[in-house]
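Participant: Please read through the structure below; I'll follow up with questions.
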Amino acid sequence: MKSVPALPRLHAITDERIARRPDLEEIAQRLALGGGDRMAFHARGRALSGLEHFELASRLGAYAPTRLFVNDRLDVALAVGAAGVQLGRGEPHS
């Protein structure tokens, strides 16, 4: 049986305000350098359009060895090859 890797210890979770920051790449790069494989990014933003959510996830997924999780959008998680998806209870899932 294949073992499941432990969850990262550090999690940086976005929201709409953070997702739209012009310096997001710089911030993500610094977090990734400091956290390495202990860091996870969560692409989250309930008010983001599908395209904005996809672009956010694509940008955050570029910082190996961090792991990417996508909140509330299974389609986006699958499209960008995220490590996981977090789906809320009772919400419609695209």
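The values are calculated or read from the model by the stated rules, or taken from the named source; none is laboratory data. Small disclaimer: the values here were computed from a predicted structure and weren't measured. Cβ placement follows ideal geometry from the backbone for every residue including glycine, while neighbour counts extend to all protein chains displayed. Just so you know, the surface numbers come from the protein's heavy atoms only, side chains and all, with ligands and any DNA or RNA stripped out. Shrake-Rupley method; radii C 1.70, N 1.55, O 1.52, S 1.80 Å.
Participant: Any chance region 5-14 includes a residue that's touching a residue at least 40 places away in the same chain (Cβ under 8 Å), open to solvent by 60 Å² or more (accessible area, probe 1.4 Å), in contact with a strand residue (DSSP E or B) (Cβ under 8 Å, 6 or more places away or on another chain) and of a type in the set (A, V, I, L, M, F, W, C)?
Facilitator: Yes, region 5-14 has at least one match.
Participant: Go through region 45-65 and give me each residue that's open to solvent by 60 Å² or more (accessible area, probe 1.4 Å) and more than 16 Å from residue 7 (Cβ to Cβ).
Facilitator: Correct list: 46, 47, 51, 52, 54, 55, 59, 62, 64.
Participant: Give me the residue from region 21-43 that is basic (Lys, Arg) and either open to solvent by less than 60 Å² (accessible area, probe 1.4 Å) or free of Cβ contacts under 8 Å to residues at least 12 places away in the same chain (or both) and, out of that set, farthest from residue 58 (Cα to Cα).
Facilitator: 30
Participant: Can you find a residue that is open to solvent by 70 Å² or more (accessible area, probe 1.4 Å) and modelled with pLDDT of 95 or more anywhere in region 69-78?
Facilitator: yes
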